[in-house]
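The values are calculated or read from the model by the stated rules, or taken from the named source; none is laboratory data. Since this is a predicted model, take the numbers as computed values, not measurements. Using ideal geometry, Cβ is built from the backbone for each residue, glycine included, and neighbour counts are taken over all protein chains shown. Protein only, heavy atoms only, side chains kept; ligands, DNA and RNA dropped before computing areas. Shrake-Rupley method; radii C 1.70, N 1.55, O 1.52, S 1.80 Å.
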Amino acid sequence: MKTNSNELLQELELITQSNIAAAKSFLHLSESQLNHKASPETWSILECLEHLNRYSAFYLPEIGRHLAASSTTPQPQFKSGFMGNYLVNMVIPKEGGKKMKTFTAMNPSGSSLGSGVIDTFLNSQEKMLALLVQSKSNDLNKAGVAVTFTKLIRLKTGDALRFMAYHNQRHIQQALRVQT
């Protein structure tokens, strides 16, 4: 995938703002509604958000460290790496998309969760917005962002940001389906 760097960052910012708005809509729900599951195998609204919080706890500091350590000149075009594009295509929300199995450490199923999960998510999304702004003055093509499942793979900055935004969007949509 090849795209204009500024347009990509704008798109990711819009997705993140939409994720924030959706999460704020959950604030008026009761704990019972937030923990409701359509079936035992599915996640509740809070489990969806907690899953995202676990990913944010790893990726946002990792992206922040990478941006702080690299003083690169922004490039007008972003070209996704093979692995980054693969990971993004796995999590990007699609009509009729298939379910995916998550890593055990990232699976919140069965956790005792309260409404503070929403606050944590909103806080992480504000950090995501700040990283998107910071990314405007960096080369999105620069690799160096670690992934959760192996130390052998490093994503380009743009791919890491894409992964986070689309992964968040996927599970926000899932949480919205639980609500209705």
What whole-number distance in Å separates the alpha-carbon centres of segment 122-180 and segment 7-66? 12 Å
Candidates [x] 39; [y] 63; [z] 58; which is the computed percent of Cα pairs over 23 Å apart? [x]
What length, rounded to one decimal in nm, is gained on full extension from Ile153 through to Lys79, with 0.36 nm per residue of separation minus their alpha-carbon distance? 24.9 nm
Taking 22 Å as R0, compute the FRET efficiency from the Cβ-Cβ separation of Lys127 and Leu29 and round it to 0.05. 0.40
Taking the Cα centre as origin and putting +1 on Lys and Arg beta-carbons and -1 on Asp and Glu beta-carbons, what dipole magnitude results for the chain, to the nearest 20 debye? 560 debye
Helix hunt in the chain: which complete DSSP H runs extend at least 24 Å axially by C-alpha with mean Kyte-Doolittle at least 0.5? 116-135
Count the lysine pairs in segment 1-101 that are 8 or more places apart or on different chains: how many have C-alpha atoms under 24 angstrom apart? 9
Highest average packing first - 22-28, 155-161, Cβ atoms within 10 Å: 155-161, 22-28
At 1.4 Å probe radius, can you tell me the per residue accessible area of the chain in Å²? 52 Å²
Keeping the other protein chains in place, figure out the carbon and sulfur percent of the accessible area of the chain, with a 1.4 Å probe. 54 percent
Return the aspartates and glutamates within reach of Lys156: Cα separation strictly under 14 angstrom, same-chain partners fewer than 8 residues apart disregarded; answer none if there are no such residues. Glu62, Asp139
For Thr3, put the label point 7 Å out on the Cα→Cβ axis and report which residues of segment 138-158 keep their amide N under 13 Å from it. 158
